[in-house]
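Beneath this line is the structure, given in C-alpha cells, with notes to follow.
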Amino acid sequence: MAVLRVENLRKGFASPTGHIDVLRGVTLTVEPQEFVAVVGESGSGKSTLLQIIGTLEPADDGDVLFEGQSIFGLSPRAQARMRNERIGFVYQAHHLIPELTALENVMLPLAIRGLAPAEALSRARELLSRLHMAARESHVPGKLSGGEAQRVAVARALVGRPKLLLADEPTGNLDEATALDVFAAMRELCAEEGAAVVMVTHSRTLAQSSDRTLHLKGGIIY
Ligand code: ADP
Ligand code: MG
C-alpha cells in the first residue's frame, strides 16, 4: 500500500488583492521507502502542500491518505499523535531547541511519546552516531555548524521511526558541498530506516539524485 496518497487537493488563501488558489487539484502517490523530490518556483505552494500533508494546515478540498487512512477525518489529538509517531519533519532552519543539547533535542520526540528515558537515550545516541555526530552530542545548537545542526534535525525527525519524512528545503541554508553531504546522509539513513521522503528542493542536483521528481506549477503537479 502507498505510504501517501494525495487526491485532488485544493487550497486557497485570502489576500489583500482577493482570493488566491495555491493548490488547484494536486494528486500524487508515494510508495514505501521512495525518495521523491518536489520542485517549483518560489510561491508555487510547495510548503503549503507539505504543511497540509503533515496535518499542520487544513485543506479546502480533496483528501490525503496516510497508509490508506484519510487524515482529515482524524481528531486534532489523533493528528498530533500521527505527527509524533508516523511523520518526521525537517525544515530549512533546523528549529532545534537552543537550550537543549543535540542529544536532548533528538530524544525529545521519544520523551513526548512516553518512551522510557534509557530507551530514548540509546536510540537517540544511535542515530547521532550513524550521522557521524556522536562527538557533538552534548553541544547546544549554537555551537554547531549549519550542516551539523541539520544532521541533528534529521536525527530528531527519524528517531521515532516515521514512515514518511517531510523535508522542506532541508539543505537550503547550506553551501553546496555541505548540502550534498547532508542530503547523502539523510538519504542513506531514510533508506536504512525504511522511511519514504517528500523533499522540497531548489537544487537540480539533489532532485536528480532522488528516485522521482514532481514539478509543482500553477497549482498542479506534473
Ligand atoms: P513555496 O513554498 O512554493 O515558496 P508557499 O506554499 O509558501 O510557496 O506559498 C504559496 C502561496 O501561498 C504564496 O503566494 C504565499 O504568499 C501564499 N500563502 C502561503 N501561506 C499563506 C497564508 N497562511 N496566508 C495567506 N497566503 C499564504
Ligand atoms: Mg516554501
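The values are calculated or read from the model by the stated rules, or taken from the named source; none is laboratory data. Treat the numbers as computed from the prediction; the structure is a model and nothing was measured. Reconstructed Cβ throughout: ideal geometry from the backbone, glycine too, with neighbour counts over all protein chains shown.
Applying the condition of being within 13 Å of ligand 1 (Cβ to nearest atom) and small (Gly, Ala, Ser) to region 41-67 and asking which residue is nearest to residue 1 (Cα to Cα) yields 54.
Could you tell me whether region 191-199 includes any residue that is more than 16 Å from ligand 2 (Cβ to nearest atom) and part of a loop (DSSP other than H, G, I, E, B)? Spell out how you get there, then give the answer.
First, pick out the residues of region 191-199 that are more than 16 Å from ligand 2 (Cβ to nearest atom): 191-197.
Okay, now just the ones that are also part of a loop (DSSP other than H, G, I, E, B), so 194-195.
Yes, there is a match, as at least one residue in region 191-199 is more than 16 Å from ligand 2 (Cβ to nearest atom) and part of a loop (DSSP other than H, G, I, E, B).
If the condition is being over 27 Å from residue 206 (Cα atoms) and touching a residue at least 40 places away in the same chain (Cβ under 8 Å), then region 12-45 contributes 12, 21. Of the listed requirements (1) at pLDDT 95 or above; (2) of a type in the set (Lys, Arg); (3) surrounded by fewer than 21 Cβ atoms within 10 Å (Cβ to Cβ), residue 151 misses just one: (3). Considering region 1-28, and only residues there that are more than 19 Å from the chain's Cα centre (by Cα) and outside any strand (DSSP E or B), the residue that is surrounded by the fewest Cβ atoms within 10 Å (Cβ to Cβ) turns out to be 16. Going residue by residue through region 108-120, is there one that turns out to be more than 16 Å from ligand 2 (Cβ to nearest atom), part of a helix (DSSP H, G or I) and in contact with a His (Cβ under 8 Å, 6 or more places away or on another chain)? Within region 108-120, none of the residues are more than 16 Å from ligand 2 (Cβ to nearest atom), part of a helix (DSSP H, G or I) and in contact with a His (Cβ under 8 Å, 6 or more places away or on another chain). Scanning region 156-173 for residues being crowded, with 16+ Cβ neighbours inside 10 Å and either touching an Asp or Glu at 6+ places or on another chain (Cβ under 8 Å) or basic (Lys, Arg) (or both) gives a total of 5.
How many residues does region 46-88 contain that are within 16 Å of ligand 2 (Cβ to nearest atom), in contact (Cβ under 8 Å) with a residue 60 or more places away in the chain and of a type in the set (S, T, N, Q)? Count: 1.
Does residue 124 satisfy the criteria of being in a helix (DSSP H, G or I), touching a helix residue (DSSP H, G or I) at 6+ places or on another chain (Cβ under 8 Å) and without any contact (Cβ under 8 Å) to a residue 40 or more places away in the chain? Show your work before the answer.
Working: in a helix (DSSP H, G or I): yes; touching a helix residue (DSSP H, G or I) at 6+ places or on another chain (Cβ under 8 Å): yes; without any contact (Cβ under 8 Å) to a residue 40 or more places away in the chain: yes.
Yes, satisfied.
Only one of these conditions is not met by residue 219: (1) more than 16 Å from ligand 2 (Cβ to nearest atom); (2) touching a residue at least 24 places away in the same chain (Cβ under 8 Å). Which number is it? That leaves (1) as the condition not met. Before we move on, is residue 177 more than 17 Å from residue 84 (Cα to Cα), among the aliphatic types (A, V, I, L, M) and part of a helix (DSSP H, G or I)? Yes.
Please go through region 211-220 and pick out each residue that is buried (at least 18 other Cβ atoms within 10 Å of the Cβ) and either in a strand (DSSP E or B) or touching a helix residue (DSSP H, G or I) at 6+ places or on another chain (Cβ under 8 Å) (or both). Steps first, answer last, please.
Going through region 211-220, the residues buried (at least 18 other Cβ atoms within 10 Å of the Cβ) turn out to be 214, 216, 219.
Answer for region 211-220, where residues must be buried (at least 18 other Cβ atoms within 10 Å of the Cβ) and either in a strand (DSSP E or B) or touching a helix residue (DSSP H, G or I) at 6+ places or on another chain (Cβ under 8 Å) (or both): 214, 216.
Pick from region 60-104 the residues that are acidic (Asp, Glu) and on the phi < 0 side of the Ramachandran plot: which of them is modelled with the lowest pLDDT? The extreme case among them is 85. Of all the criteria given as (1) within 16 Å of ligand 1 (Cβ to nearest atom); (2) surrounded by fewer than 19 Cβ atoms within 10 Å (Cβ to Cβ), the one not satisfied by residue 31 is (1). Among the residues making up region 12-23, those that are more than 8 Å from ligand 1 (Cβ to nearest atom) and out of contact with any Lys or Arg (no Cβ under 8 Å at 6 or more places or on another chain) are 12, 16, 17, 18, 19.
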